[in-house]
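Beneath this line is the structure, given in C-alpha coordinates, with notes to follow.
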Amino acid sequence: MNSKKRFLLFLLIFFIGSVAWAQNSQKTFKVVIDAGHGAHDPGCIGSQINEKTVNLSMALKVGKLIEEHCPDVKVIYTRKTDVFVELYRRAQIANNAHADLFISFHCNASENPAGNGVETYVMGLSKSEANQAVARKENSAILMEKNYKENYDGFNPNSPESYVIFSLYSSAYLNKSIILADKVQKNLVNTSHLTDRGVKQANYWVLYKVAMPSILIEMGFLSNPHDQSYLIQQANQNKLAASIYNAFVDYLEVVNNTKHAHLPINGTTPATPSTPATAPDTVIAQTAEPVAPATPTVDTATHNAVNSNDIRFKIQILASPVKLKANDSRIQNIPALGYYEENGLWKYTAGNETSYEAANEILATVKKTHKDAFMIAFQGDKKISVNDARKLAKN
(Lines give C-alpha, C1' and ligand atoms only; values in the text may rest on other atoms or scores of the structure.)
Protein backbone atom coordinates (compact mmCIF):
# COMPACT_ATOMS: atom_id res chain seq x y z
CA MET A 1 0.00 0.00 0.00
CA ASN A 2 1.48 3.32 -1.07
CA SER A 3 1.71 6.33 1.24
CA LYS A 4 -1.25 8.12 -0.38
CA LYS A 5 -3.59 5.18 0.23
CA ARG A 6 -2.34 4.80 3.77
CA PHE A 7 -3.03 8.46 4.42
CA LEU A 8 -6.58 8.19 3.00
CA LEU A 9 -7.22 5.09 5.12
CA PHE A 10 -6.00 6.95 8.18
CA LEU A 11 -8.36 9.84 7.44
CA LEU A 12 -11.29 7.43 6.99
CA ILE A 13 -10.59 5.66 10.30
CA PHE A 14 -10.15 8.99 12.05
CA PHE A 15 -13.44 10.30 10.63
CA ILE A 16 -15.41 7.19 11.64
CA GLY A 17 -13.88 7.26 15.11
CA SER A 18 -14.69 10.95 15.54
CA VAL A 19 -18.32 10.40 14.58
CA ALA A 20 -18.63 7.47 16.96
CA TRP A 21 -17.04 9.46 19.78
CA ALA A 22 -19.33 12.42 19.16
CA GLN A 23 -22.39 10.16 19.24
CA ASN A 24 -21.29 8.45 22.43
CA SER A 25 -20.41 11.75 24.06
CA GLN A 26 -24.00 12.96 23.75
CA LYS A 27 -25.13 12.70 27.36
CA THR A 28 -28.54 11.17 27.84
CA PHE A 29 -30.76 13.33 30.03
CA LYS A 30 -31.90 11.30 33.06
CA VAL A 31 -34.98 12.09 35.14
CA VAL A 32 -35.87 10.26 38.35
CA ILE A 33 -39.60 9.85 38.98
CA ASP A 34 -40.33 9.31 42.67
CA ALA A 35 -43.72 8.06 43.90
CA GLY A 36 -43.81 9.04 47.56
CA HIS A 37 -44.62 6.55 50.35
CA GLY A 38 -45.66 2.93 49.59
CA ALA A 39 -46.55 -0.44 51.16
CA HIS A 40 -46.93 -0.07 54.97
CA ASP A 41 -46.45 3.72 54.62
CA PRO A 42 -49.76 4.94 53.12
CA GLY A 43 -48.99 8.64 53.43
CA CYS A 44 -52.11 10.82 53.76
CA ILE A 45 -55.31 8.83 54.18
CA GLY A 46 -58.42 10.12 52.44
CA SER A 47 -61.96 8.84 52.81
CA GLN A 48 -61.76 7.09 49.42
CA ILE A 49 -58.07 6.60 48.64
CA ASN A 50 -54.58 6.72 50.18
CA GLU A 51 -51.79 9.02 49.09
CA LYS A 52 -49.39 6.21 48.13
CA THR A 53 -51.86 5.01 45.46
CA VAL A 54 -52.34 8.43 43.85
CA ASN A 55 -48.59 9.08 43.95
CA LEU A 56 -47.77 5.81 42.20
CA SER A 57 -50.46 6.22 39.57
CA MET A 58 -49.32 9.75 38.70
CA ALA A 59 -45.63 8.82 38.69
CA LEU A 60 -46.21 5.95 36.27
CA LYS A 61 -48.38 8.08 33.99
CA VAL A 62 -45.84 10.92 33.78
CA GLY A 63 -42.94 8.51 33.34
CA LYS A 64 -44.74 6.69 30.53
CA LEU A 65 -45.43 9.94 28.66
CA ILE A 66 -41.76 10.91 28.87
CA GLU A 67 -40.66 7.46 27.70
CA GLU A 68 -43.08 7.54 24.75
CA HIS A 69 -42.41 11.08 23.57
CA CYS A 70 -38.82 11.83 24.63
CA PRO A 71 -36.55 9.09 23.23
CA ASP A 72 -33.52 11.17 24.26
CA VAL A 73 -34.53 11.00 27.94
CA LYS A 74 -34.03 8.06 30.30
CA VAL A 75 -36.67 7.64 33.01
CA ILE A 76 -35.65 6.07 36.32
CA TYR A 77 -38.29 5.13 38.90
CA THR A 78 -37.74 4.88 42.64
CA ARG A 79 -40.68 2.45 42.72
CA LYS A 80 -43.09 1.03 40.12
CA THR A 81 -45.19 -1.07 42.50
CA ASP A 82 -46.65 -0.81 45.99
CA VAL A 83 -43.39 -1.29 47.88
CA PHE A 84 -41.67 0.67 50.63
CA VAL A 85 -38.53 2.52 49.59
CA GLU A 86 -36.56 4.29 52.30
CA LEU A 87 -35.96 8.02 51.83
CA TYR A 88 -32.21 7.57 51.80
CA ARG A 89 -32.55 4.89 49.09
CA ARG A 90 -34.60 7.25 46.91
CA ALA A 91 -31.76 9.76 47.03
CA GLN A 92 -29.20 7.00 46.42
CA ILE A 93 -31.06 5.82 43.33
CA ALA A 94 -30.95 9.32 41.86
CA ASN A 95 -27.34 10.04 42.80
CA ASN A 96 -26.00 6.66 41.71
CA ALA A 97 -27.63 7.15 38.31
CA HIS A 98 -26.01 10.61 38.01
CA ALA A 99 -29.47 11.88 37.14
CA ASP A 100 -30.17 15.39 35.86
CA LEU A 101 -33.55 15.90 37.54
CA PHE A 102 -35.61 14.52 40.44
CA ILE A 103 -39.43 14.82 40.62
CA SER A 104 -41.27 13.54 43.70
CA PHE A 105 -45.06 13.04 43.75
CA HIS A 106 -47.13 13.57 46.91
CA CYS A 107 -50.57 14.57 48.19
CA ASN A 108 -51.49 16.70 51.16
CA ALA A 109 -53.96 16.50 54.07
CA SER A 110 -55.33 18.75 56.80
CA GLU A 111 -57.53 18.36 59.88
CA ASN A 112 -59.60 21.20 58.41
CA PRO A 113 -61.40 19.83 55.30
CA ALA A 114 -61.44 23.36 53.84
CA GLY A 115 -57.69 23.12 53.23
CA ASN A 116 -57.19 22.61 49.50
CA GLY A 117 -55.05 23.23 46.46
CA VAL A 118 -51.85 22.49 44.59
CA GLU A 119 -48.34 23.54 45.63
CA THR A 120 -44.85 22.73 44.38
CA TYR A 121 -41.79 22.70 46.62
CA VAL A 122 -38.08 23.18 46.15
CA MET A 123 -35.45 22.63 48.83
CA GLY A 124 -34.81 25.69 50.93
CA LEU A 125 -34.50 27.15 54.41
CA SER A 126 -38.01 28.53 54.69
CA LYS A 127 -38.98 30.19 57.97
CA SER A 128 -42.67 29.49 57.35
CA GLU A 129 -44.09 27.12 59.96
CA ALA A 130 -46.75 26.05 57.45
CA ASN A 131 -44.14 25.00 54.89
CA GLN A 132 -42.12 23.20 57.55
CA ALA A 133 -45.24 21.32 58.68
CA VAL A 134 -45.54 19.82 55.21
CA ALA A 135 -41.86 18.89 55.24
CA ARG A 136 -42.14 17.25 58.67
CA LYS A 137 -45.05 15.18 57.43
CA GLU A 138 -43.09 13.91 54.42
CA ASN A 139 -39.88 13.44 56.42
CA SER A 140 -41.77 11.38 59.01
CA ALA A 141 -41.61 8.38 56.64
CA ILE A 142 -38.10 7.96 58.06
CA LEU A 143 -39.61 6.73 61.33
CA MET A 144 -41.11 3.71 59.54
CA GLU A 145 -37.65 2.46 58.55
CA LYS A 146 -35.54 -0.03 60.45
CA ASN A 147 -32.31 1.39 61.83
CA TYR A 148 -33.39 4.90 60.88
CA LYS A 149 -31.05 6.46 63.45
CA GLU A 150 -28.06 4.83 61.77
CA ASN A 151 -29.27 5.54 58.22
CA TYR A 152 -29.84 9.23 58.93
CA ASP A 153 -27.06 9.94 61.44
CA GLY A 154 -29.55 10.46 64.26
CA PHE A 155 -31.86 12.80 62.31
CA ASN A 156 -35.33 12.87 63.90
CA PRO A 157 -38.00 14.49 61.69
CA ASN A 158 -40.02 15.48 64.77
CA SER A 159 -37.13 17.24 66.51
CA PRO A 160 -36.60 20.95 65.68
CA GLU A 161 -32.93 20.59 66.63
CA SER A 162 -32.40 17.99 63.90
CA TYR A 163 -33.23 20.52 61.19
CA VAL A 164 -30.03 22.44 61.82
CA ILE A 165 -28.34 20.11 59.29
CA PHE A 166 -30.25 21.85 56.49
CA SER A 167 -28.28 25.03 57.17
CA LEU A 168 -25.48 23.29 55.27
CA TYR A 169 -27.63 23.16 52.14
CA SER A 170 -25.94 24.44 49.00
CA SER A 171 -28.21 26.34 46.60
CA ALA A 172 -26.26 25.12 43.55
CA TYR A 173 -29.36 23.56 41.99
CA LEU A 174 -31.95 26.01 43.29
CA ASN A 175 -32.37 28.17 40.18
CA LYS A 176 -33.10 25.22 37.88
CA SER A 177 -35.35 23.69 40.53
CA ILE A 178 -37.39 26.90 40.67
CA ILE A 179 -37.63 27.05 36.87
CA LEU A 180 -39.22 23.58 36.78
CA ALA A 181 -41.36 24.15 39.88
CA ASP A 182 -42.77 27.34 38.38
CA LYS A 183 -43.69 25.61 35.11
CA VAL A 184 -45.22 22.59 36.87
CA GLN A 185 -47.26 24.75 39.25
CA LYS A 186 -48.70 26.89 36.46
CA ASN A 187 -49.59 23.89 34.30
CA LEU A 188 -51.23 21.95 37.14
CA VAL A 189 -53.35 24.91 38.21
CA ASN A 190 -54.36 25.80 34.65
CA THR A 191 -55.35 22.20 33.99
CA SER A 192 -57.08 21.28 37.25
CA HIS A 193 -58.44 24.69 38.32
CA LEU A 194 -57.61 23.64 41.87
CA THR A 195 -56.50 26.42 44.21
CA ASP A 196 -53.04 27.80 43.43
CA ARG A 197 -50.95 27.63 46.62
CA GLY A 198 -47.78 28.63 44.80
CA VAL A 199 -44.13 27.57 44.65
CA LYS A 200 -42.51 27.26 48.08
CA GLN A 201 -39.35 26.23 49.90
CA ALA A 202 -39.06 23.74 52.76
CA ASN A 203 -36.61 21.31 54.38
CA TYR A 204 -37.27 18.00 52.64
CA TRP A 205 -34.69 15.36 53.47
CA VAL A 206 -34.92 13.69 50.07
CA LEU A 207 -34.50 17.00 48.19
CA TYR A 208 -31.61 17.90 50.47
CA LYS A 209 -29.76 14.69 49.62
CA VAL A 210 -30.16 14.56 45.83
CA ALA A 211 -27.30 16.17 43.92
CA MET A 212 -29.39 17.64 41.09
CA PRO A 213 -32.29 20.05 40.49
CA SER A 214 -35.34 18.65 42.27
CA ILE A 215 -38.97 19.41 43.10
CA LEU A 216 -41.70 17.88 45.25
CA ILE A 217 -45.30 18.23 44.06
CA GLU A 218 -48.24 18.27 46.49
CA MET A 219 -51.02 17.53 44.00
CA GLY A 220 -53.98 18.34 46.25
CA PHE A 221 -55.57 17.63 49.63
CA LEU A 222 -57.05 14.15 50.13
CA SER A 223 -58.76 15.55 53.23
CA ASN A 224 -60.71 17.97 51.01
CA PRO A 225 -63.74 16.32 49.34
CA HIS A 226 -63.38 18.34 46.15
CA ASP A 227 -59.64 17.79 45.73
CA GLN A 228 -59.95 14.09 46.53
CA SER A 229 -62.85 13.61 44.12
CA TYR A 230 -60.80 15.28 41.39
CA LEU A 231 -57.60 13.31 42.05
CA ILE A 232 -59.13 9.82 42.12
CA GLN A 233 -60.58 10.11 38.61
CA GLN A 234 -58.33 8.49 36.01
CA ALA A 235 -59.34 10.98 33.32
CA ASN A 236 -58.23 13.84 35.56
CA GLN A 237 -54.98 12.07 36.41
CA ASN A 238 -54.31 11.71 32.68
CA LYS A 239 -54.80 15.45 32.23
CA LEU A 240 -52.51 16.26 35.13
CA ALA A 241 -49.85 13.86 33.82
CA ALA A 242 -49.97 15.57 30.42
CA SER A 243 -49.68 19.00 32.03
CA ILE A 244 -46.63 17.90 34.07
CA TYR A 245 -45.10 16.38 30.93
CA ASN A 246 -45.59 19.69 29.09
CA ALA A 247 -43.87 21.53 31.95
CA PHE A 248 -41.02 19.02 31.79
CA VAL A 249 -40.42 19.53 28.05
CA ASP A 250 -40.56 23.31 28.53
CA TYR A 251 -37.86 22.88 31.18
CA LEU A 252 -35.77 20.75 28.79
CA GLU A 253 -35.93 23.50 26.18
CA VAL A 254 -34.64 26.05 28.69
CA VAL A 255 -31.86 24.06 30.38
CA ASN A 256 -30.97 21.45 27.75
CA ASN A 257 -31.81 23.27 24.50
CA THR A 258 -33.87 20.29 23.27
CA LYS A 259 -37.38 20.67 21.88
CA HIS A 260 -40.30 18.27 22.15
CA ALA A 261 -43.93 18.76 21.15
CA HIS A 262 -46.55 19.53 23.77
CA LEU A 263 -49.35 17.05 24.41
CA PRO A 264 -53.00 18.10 24.23
CA ILE A 265 -54.79 18.15 27.59
CA ASN A 266 -57.68 15.73 27.13
CA GLY A 267 -60.21 14.23 29.50
CA THR A 268 -63.10 15.47 31.57
CA THR A 269 -64.24 19.05 31.92
CA PRO A 270 -61.88 20.98 34.22
CA ALA A 271 -62.95 21.05 37.83
CA THR A 272 -64.45 24.23 39.21
CA PRO A 273 -62.10 26.14 41.50
CA SER A 274 -62.03 25.11 45.13
CA THR A 275 -62.98 27.79 47.63
CA PRO A 276 -59.92 28.79 49.65
CA ALA A 277 -60.18 28.49 53.39
CA THR A 278 -61.09 31.81 55.00
CA ALA A 279 -59.29 30.99 58.25
CA PRO A 280 -56.04 29.15 58.95
CA ASP A 281 -56.26 25.35 59.08
CA THR A 282 -55.36 23.32 62.10
CA VAL A 283 -52.79 21.27 60.29
CA ILE A 284 -51.60 17.77 59.89
CA ALA A 285 -49.70 18.87 56.83
CA GLN A 286 -50.35 22.46 55.84
CA THR A 287 -51.80 25.75 57.02
CA ALA A 288 -53.74 27.65 54.38
CA GLU A 289 -51.74 30.61 53.09
CA PRO A 290 -52.60 33.49 50.77
CA VAL A 291 -52.78 32.36 47.18
CA ALA A 292 -50.05 33.80 44.96
CA PRO A 293 -51.20 36.12 42.15
CA ALA A 294 -51.90 34.36 38.86
CA THR A 295 -50.60 37.25 36.78
CA PRO A 296 -47.24 39.00 37.10
CA THR A 297 -46.94 41.97 39.43
CA VAL A 298 -44.58 44.24 37.56
CA ASP A 299 -42.34 46.73 39.33
CA THR A 300 -42.85 49.94 37.36
CA ALA A 301 -39.39 51.19 38.29
CA THR A 302 -37.76 48.33 36.46
CA HIS A 303 -40.30 47.51 33.75
CA ASN A 304 -40.15 50.23 31.14
CA ALA A 305 -43.05 49.38 28.84
CA VAL A 306 -44.44 52.56 27.26
CA ASN A 307 -48.09 51.60 26.87
CA SER A 308 -50.45 48.64 26.96
CA ASN A 309 -49.51 47.57 23.41
CA ASP A 310 -45.74 48.02 23.74
CA ILE A 311 -43.84 44.79 22.97
CA ARG A 312 -40.66 44.16 24.97
CA PHE A 313 -38.24 41.25 25.04
CA LYS A 314 -36.29 40.52 28.22
CA ILE A 315 -33.89 37.85 29.45
CA GLN A 316 -34.87 36.10 32.68
CA ILE A 317 -31.68 35.37 34.60
CA LEU A 318 -32.98 33.89 37.85
CA ALA A 319 -35.98 33.41 40.13
CA SER A 320 -36.03 33.70 43.90
CA PRO A 321 -38.70 33.06 46.54
CA VAL A 322 -37.51 36.24 48.30
CA LYS A 323 -36.76 39.70 46.92
CA LEU A 324 -32.99 40.05 46.54
CA LYS A 325 -30.99 42.86 48.08
CA ALA A 326 -29.60 45.44 45.65
CA ASN A 327 -26.03 44.38 46.44
CA ASP A 328 -26.63 40.69 45.78
CA SER A 329 -23.72 39.45 43.66
CA ARG A 330 -26.05 37.53 41.32
CA ILE A 331 -27.60 40.72 39.94
CA GLN A 332 -24.53 42.90 39.65
CA ASN A 333 -23.43 44.25 36.24
CA ILE A 334 -26.66 43.12 34.56
CA PRO A 335 -27.67 45.32 31.60
CA ALA A 336 -31.05 47.04 32.17
CA LEU A 337 -31.73 45.00 35.28
CA GLY A 338 -35.43 44.49 35.99
CA TYR A 339 -37.63 42.32 38.17
CA TYR A 340 -41.26 41.34 38.61
CA GLU A 341 -43.27 39.09 40.93
CA GLU A 342 -45.18 36.10 39.60
CA ASN A 343 -46.73 33.17 41.49
CA GLY A 344 -44.92 34.13 44.67
CA LEU A 345 -41.48 34.28 43.02
CA TRP A 346 -39.27 37.30 42.34
CA LYS A 347 -37.97 37.02 38.79
CA TYR A 348 -34.98 39.07 37.63
CA THR A 349 -34.36 40.12 34.04
CA ALA A 350 -31.76 41.67 31.78
CA GLY A 351 -32.49 43.96 28.85
CA ASN A 352 -35.67 45.69 27.77
CA GLU A 353 -35.62 45.37 23.99
CA THR A 354 -38.13 46.15 21.28
CA SER A 355 -36.63 43.55 18.92
CA TYR A 356 -36.10 39.82 19.27
CA GLU A 357 -32.68 40.09 17.63
CA ALA A 358 -31.40 42.65 20.15
CA ALA A 359 -32.66 40.52 23.03
CA ASN A 360 -30.92 37.48 21.54
CA GLU A 361 -27.60 39.34 21.65
CA ILE A 362 -28.14 40.11 25.34
CA LEU A 363 -29.07 36.46 25.96
CA ALA A 364 -25.76 35.30 24.46
CA THR A 365 -23.87 37.71 26.74
CA VAL A 366 -25.82 36.96 29.90
CA LYS A 367 -25.52 33.19 29.46
CA LYS A 368 -21.79 33.50 30.13
CA THR A 369 -22.57 34.20 33.78
CA HIS A 370 -26.16 32.89 34.08
CA LYS A 371 -26.31 29.61 32.17
CA ASP A 372 -30.01 29.09 32.94
CA ALA A 373 -31.05 32.41 31.37
CA PHE A 374 -33.83 32.41 28.78
CA MET A 375 -35.96 34.90 26.86
CA ILE A 376 -39.40 36.15 27.92
CA ALA A 377 -41.70 38.81 26.49
CA PHE A 378 -44.28 41.38 27.62
CA GLN A 379 -47.05 43.28 25.95
CA GLY A 380 -47.30 46.28 28.19
CA ASP A 381 -47.48 44.77 31.67
CA LYS A 382 -48.88 41.47 30.42
CA LYS A 383 -46.50 38.54 30.03
CA ILE A 384 -46.95 36.75 26.70
CA SER A 385 -45.12 34.03 24.79
CA VAL A 386 -42.01 34.97 22.85
CA ASN A 387 -43.56 33.61 19.63
CA ASP A 388 -46.64 35.81 20.07
CA ALA A 389 -44.43 38.80 20.83
CA ARG A 390 -42.39 38.26 17.67
CA LYS A 391 -45.57 38.16 15.58
CA LEU A 392 -46.96 41.29 17.20
CA ALA A 393 -43.63 43.11 16.84
CA LYS A 394 -43.71 42.56 13.07
CA ASN A 395 -47.19 44.08 12.72
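The values are calculated or read from the model by the stated rules, or taken from the named source; none is laboratory data. Computed from a predicted model, the values in this text were never measured in an experiment. Please note: Cβ atoms are built from the backbone with ideal geometry, for glycine as well, and neighbour counts cover all protein chains shown. Heads up: the accessible areas ignore ligands, DNA and RNA and are worked out on the full protein's heavy atoms, side chains in. Shrake-Rupley method; radii C 1.70, N 1.55, O 1.52, S 1.80 Å.
Let a ≥ b ≥ c be the square roots of the eigenvalues of the Cα gyration tensor of the stretch 59-105; is it rounded (a/c under 1.5), or, if not, prolate (a/b larger than b/c) or oblate? Note, shape of the stretch 59-105 comes out oblate.
Counting only other residues whose beta carbon sits under 11 Å from that of ALA241, what net charge do I get with K and R as +1, D and E as -1? If you can, show how the numbers build up before the last one.
Working: positive: LYS61, LYS64, LYS239; negative: none.
So the surrounding residues net to +3.
Sorting LYS146, LYS64 by solvent-accessible area of protein heavy atoms yields LYS146, LYS64, largest first, with a 1.4 Å probe.
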